[in-house]
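A short write-up of the structure that comes next.
Bear in mind these aren't lab numbers, they're just calculated from the coordinates by the rules spelled out. Quantities reported herein were computed from a predicted structural model and do not represent experimental measurements. Don't worry about glycine lacking a Cβ; one is built from the backbone with ideal geometry, like all the others, and counts go over all protein chains shown.
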Amino acid sequence: MKRAVPIALFAFILATVVGGAGLYKMNRFLDTPVTLPQQGATFDIAPGSSFKTVAAELVAQGIIKDDFWYRVHARQSGKAGGIHAGEYRLEQGATPRSMLEQFLRGSVRLYSFTIIEGWNHRDLLQALHANEAIVQSLSDEDWPAFLESLGAAITHPEGLFLPETYRIPRNTTDKQLLTQAYELMQTVLAEEWQAKGEGAPVDSPYEALVLASIVEKETARADERPRIAGVFARRLEKRMRLQTDPTVIYGIGAGFDGNLTRKHLRTDTPYNTYTRHGLPPTPIAMPGRAAINAVLHPAEGEELFFVATGLGDGSHKFSVTKDEHDAAVAEYLARLRQQRREGR
């Protein structure tokens, strides 16, 4: 009985030493930087992958030499089942411990996709399908059903998605990104509508979106948006036609060849603001927040006309009377002729 005590003590000490040595080796493994190229590396975890599979793949790619202590740590810590699928960016200096935390957080590599102010829905869908990180799931015929799934009261997609840069993981679907953009537009539109000024020439948030899309297509200059919105507000108030070229071009559709003619201006479509009063039935592009704000806070003044200056800076000349406007148009055309003679 007395002999049993030293044996038990020896076994305890041995187990402690062995366990301590194992713990030391495991921590050394976990905190030693892994093997990565100077520029880092991309590592993919497929959906449904077990930690054992992930660890084996790290060995296969030469990122870690052995996965024994990795699997022991993951199992003992209870973290083995918490990893997220996705594409990860591993940087130099990463350790097995930091990689595991990255996998547990789901800190996947993100890609940028930007919706540009003034794009129409065809531009948007084309850009989505050209992006290698985005999975195609939407065709042009799918718009009505997709918008219905979002709870939209409108079946036409134009203007409903906020121009912004979105950060997305690889294999995001076009519908997932568009859902984000739609919801963000609804938020922005609600915020701007709540703070609208008394001079706003529209009766609903959707009308604000329609007019903002026209302002967006007429100018990219921040200083001009409220002035152009002011011109349109006064024309609407006076029951004057808006007479804005971008709406005519939109009504022509994808077949427009870039040459707007007098015949186009006289050909009636639901979007021809030379032949019809009021706003077109839908937006003609994706307006940004600044254009929406300009429509809801139009600049005061008396100007009823504007035309491009042709100076190359995107600016316009604003006029109060038709005679002033005709003179500004003549000046613009003369400048264009001179630029052509000079080969500019």
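If you fit an axis through the alpha-carbon atoms of helix 51-60 and take the longest principal axis of the Cα set of the chain, what angle between them do you get, 0 to 90°, nearest 10?
90 degrees
Quick one: of the DSSP bridges fully inside the chain, what percent are antiparallel, nearest 5?
90 percent
Would you calculate a helix-derived [θ] at 222 nm for the chain, using -39,500 (n - 2.57) for each DSSP H run of n ≥ 4 and dividing by the full residue count, to the nearest 500?
Only helices count here, giving -15000 deg cm²/dmol.
If I take R0 = 51 Å and measure r between the Cβ atoms of Arg221 and Asp44 in this structure, what FRET efficiency does the formula 1/(1 + (r/R0)^6) give, to the nearest 0.05?
In this case the efficiency is close to 0.70.
Could you please state, rounded to a whole Å, how far the C-alpha centre of the stretch 106-181 is from the C-alpha centre of the stretch 283-304?
Computed from Cα coordinates, the inter-centre distance equals 24 Å.
Considering the Cα positions of the stretch 110-189, please state its Rg to one decimal place and its Dmax as a whole number of Å.
Calculated on Cα positions, Rg and Dmax stand at 11.6, 32 Å.
Taking amide H atoms as placed 1.01 Å from N in the peptide plane, list the residues 5 or more away in sequence, or in a different chain, whose amide H sits under 5 Å from that of Val135.
Excluding prolines and chain starts, which carry no amide H, the hits are Asn171, Thr172, Thr173, Asp174.
Note down the magnitude of the dipole of the stretch 201-341 about its Cα centre, charges +1 on Lys and Arg C-beta and -1 on Asp and Glu C-beta and zero elsewhere, to the nearest 20 debye.
460 debye
Measuring from the lowest to the highest alpha carbon on each principal axis, how far does the stretch 199-296 reach, largest first, in angstroms?
34, 26, 21
Once you list every other residue whose beta carbon is under 13 Å from the beta carbon of Tyr206, what net charge do they have if Lys and Arg are +1 and Asp and Glu are -1?
-4
Compute the helix-to-body angle for 96-105: its Cα long axis versus the longest principal axis of the chain, expressed 0 to 90° and rounded to tens.
Roughly 50 degrees, rounded to the nearest 10.
Using a Gaussian network model of the chain whose springs link C-alpha atoms within less than 10 Å, name the residue from Arg239, Arg122, Arg109 with the highest mean-square fluctuation.
Greatest mean-square fluctuation among the candidates belongs to Arg239.
Normalised by the residues of the stretch 110-189, what does the relative contact order come to in percent, with Cα pairs under 8 Å and at least six apart?
41 percent
Between Leu265 and Leu311, how many nm apart are label points set 7 Å from Cα along the C-beta direction?
About 2.4 nm, to one decimal.
Sequence gap at least 6, Cα distance under 8 Å: using those rules, report the relative contact order of the chain to the nearest whole percent.
Result for the chain is 14 percent.
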